[in-house]
Amino acid sequence: MKTNKLTIFLIVLMLCSTIFSQEEQNLSSLFISKELKENANAILRLNELVIIVEAVDQLTIKQKRIVTVLNKLGKDHIDAYKHYNNDTKITRLSAIIYDALGNKLKKYSKNDFQDVSAIDGGTLYSDSRIKFLEHTPTSYPYTVVFESEVKNSSTAFIPRWFPIENYYLSTEKSVYIVNNPQNIPFKKREKNFNGFSIKNSSNDNVLNYMLTNQQAIKPEYYTIDFEELVPNLSLALENFSVKGIKGSASNWIDLGKWEYNTFYNQEQKVSEQTKSKIIELTKDITDPIEKAKKVYEYVQNKTRYINVSVGIGGLKPIESHVVDRVGYGDCKGLTNYTRALLKLINIDSYFAEVFAGSKKKNMDYTFPQIQGNHVILNIPNNGNDIWLECTSQTLPFGFLGDFTDDRNVLVITPEGAIAKRTPAYINKDNLQVNKATIRLLPEGNISAQLERKSYGTQYDDKYYIENYTQKELNKHYKTNVWSYNNNLEIEDIKHVNNKEKVEFTESLNIKIEKFATVRDSSYLFKLNVFNRVTGIPKKYRNRQRSLEIERGFTDKDEFIFGIPQGYTLTNLPDDINITNKFGTYSVHFEKIDSTSFKYKREFSLIKGVHPKENYKDYRKFRKTVAKYDNLRTELTKL
């Protein structure tokens, strides 16, 4: 009998040892297929996310994440971190590091993780913190096994599933499981699933999705956003809780009403002094829009942006009387303050929720859920709405720039959420006009007076430089604008920022030494002095994704050249005219008299999405533009 017990014990011990050895062996990078290593900086061996909806106000989120890092660039894909705050508690956290052969190197417990505030320099105070793994590898490849468990009393933001997380990252296995034992009604949205090896084995109470053996994706320039390319799954409870406040989101009307009453329906109070100032500022103005402009300028001069995100403060604005007193706030607080001041002069306005960023992202009208990462102010205006970015102390009234332009937003009213779209700055709206008088000097130097006017997103790209120091301006023009012109010196700079026209004017006196190549009988120089295209889109042997020209623009240039004494222009180059589906490019030459001639250029790109097969033609077009922008002409000695 004793022998049998001993035998059973040894068998169990050997079995456990075998299982342990297999686990260690499977973590070896030697077992990763050649296909998954191709174009990859790291391999996501496993990402298993298990979400348990225990109640309307309780989520448990468990994660096991195994990443093999192939090189130093792969470290960014480890993602061994967790955020926490007053209603998000980390109950378990660990990591184990393995070498290339799957041998254990080091183990980290919860207390070994770095613990820091998750605020940035623009945040005044926040209860958000982060625990993260800081590991310095001694060799590559290595593998990180990261495990965590988090409990969250806010259930309005259930983690989305992105089985393909980034470029240069292969996915061996990604699993997403949502257990809903209380049968709380929910909505889900599957996006971009077609063409990917995703298995759905869900049932009534449990969602279960899995993707396996996905090779790394390489990025391509001039294409659609990554999130529009890869599969992702969103989930939203119809009954949820945010920071202890319960709500419902079965449709946009109900959700919009809840948001308005919970976050935005505040008593609009400001000091009597401020009230008197606003009334005094607008008393002689009859046009409501002109009144709103005065209020906006007042807010810009009085306040500054500082993020505040403690508790419900991440969603609910600071009260208007507090912003009035302290002079700062985040996007919600400053928008709320502007709204309160407009209310004093009987102008109605509403919060508009938006996904902000230079890369456009739309609110999903088909999926009722708290969305967006920013708010702006909407003033209804008989179908020609005014939009205000209340966090900026410098933007012109009614101008959004590329941070929030041309995208779906949700305007939150007492009657619910209303779908609207912000103004678009596209094609000729984004205009730059260059006019220059250029004196070609006998020794090959040039002296020029240049005026450059910018509009639309080209205005947005430049107007902020009016606050640069002289040293910063010199560096900006030499390094960023005209880096292709060696020996360039700025002698005088004047900027005019016309906010009424949304027009930024730069007037400069410029000298460039040794611009032309002077020989015994010739004077050779490039014609496009101040707006030369030098970059050519990358060549792809096998383009995979569509071509997107996101906004489009138009550049118009007119340079008048004065010929140096002792030289003549025998022949002007031929004119150039190109028009295609991507845009236009034209260059025209005109002789003014025996001592001067004019160079006129126009280059435009047109907003649009084109099949991947068109990319080759687009690159050819851009290459042609770069070629003619590098065009030289020759003067001959008399």
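For the reader, a short list of remarks on this structure follows.
- Once the Cβ-Cβ distance of R519 and S117 is raised to the sixth power relative to R0 = 60 Å, the FRET efficiency obtained is 0.40.
- With a Förster radius of 45 Å applied to the C-beta separation of N208 and T534, the computed FRET efficiency comes to 0.30.
- About the centre of its Cα atoms, the chain shows a dipole size close to 1440 debye [charges on the beta carbon of Lys, Arg (+1) and Asp, Glu (-1) only; nearest 20 debye].
- The simple spin-label model puts a point 7 Å past each Cα toward its Cβ; for S250 and Y484 those points are separated by 6.2 nm.
- Annotation: extensible slack from N474 through L631 equals 53.9 nm (criterion: 0.36 nm per residue apart, minus Cα-Cα distance).
- Gain in span if fully extended, V326 to S276, counting 0.36 nm per residue against the direct Cα distance: 16.2 nm
- Shown for F397, F603: other C-beta atoms within 10 Å of each C-beta, ranked fewest to most, produce the order F397, F603.
- Cα→Cβ-extended label distance, 7 Å offset, between K501 and F367, nm: 4.4 nm
- Size of electric dipole in the range 169-272: Cβ of Lys, Arg +1 and of Asp, Glu -1, about Cα centre, debye, nearest 20: 300 debye
- Projecting the Cα atoms of N427, G383, V502 onto the dipole axis of the range 371-517, where Lys and Arg carry +1 and Asp and Glu carry -1 at the beta carbon, places N427 farthest toward the positive end.
- Each semi-axis of the equivalent ellipsoid for the chain is √(5λ) with λ an eigenvalue of the Cα gyration tensor; in descending order they amount to 53, 38, 22 Å.
- Fully extending the segment from I289 to Q182 would add 33.4 nm, taking 0.36 nm per residue of separation and subtracting the current Cα-Cα distance.
- Estimated FRET transfer efficiency (N381, K343; beta-carbon r; R0 22 Å; 0.05): 0.85
- Label point distance in nm, K581-E451, each placed 7 Å from Cα along Cα→Cβ: 4.0 nm
- Relative contact order (%) - the chain, alpha-carbon pairs under 8 angstrom, separation at least six: 10 percent
- Lys, Arg +1 and Asp, Glu -1 on Cβ, resulting dipole of the range 475-615 about Cα centre, debye, nearest 20: 840 debye
- Positive-end residue, the range 300-458 charge dipole about Cα centroid, Cβ charges, pick of I306, F367, N445: N445
Computed from the coordinates by the stated procedures, all read-outs in this text should not be read as laboratory data. Just so we're clear, the structure is a prediction, and the values are computed from it rather than from any experiment. With ideal geometry, Cβ positions are generated from the backbone for all residues, glycine too; neighbour counts draw on all protein chains shown.
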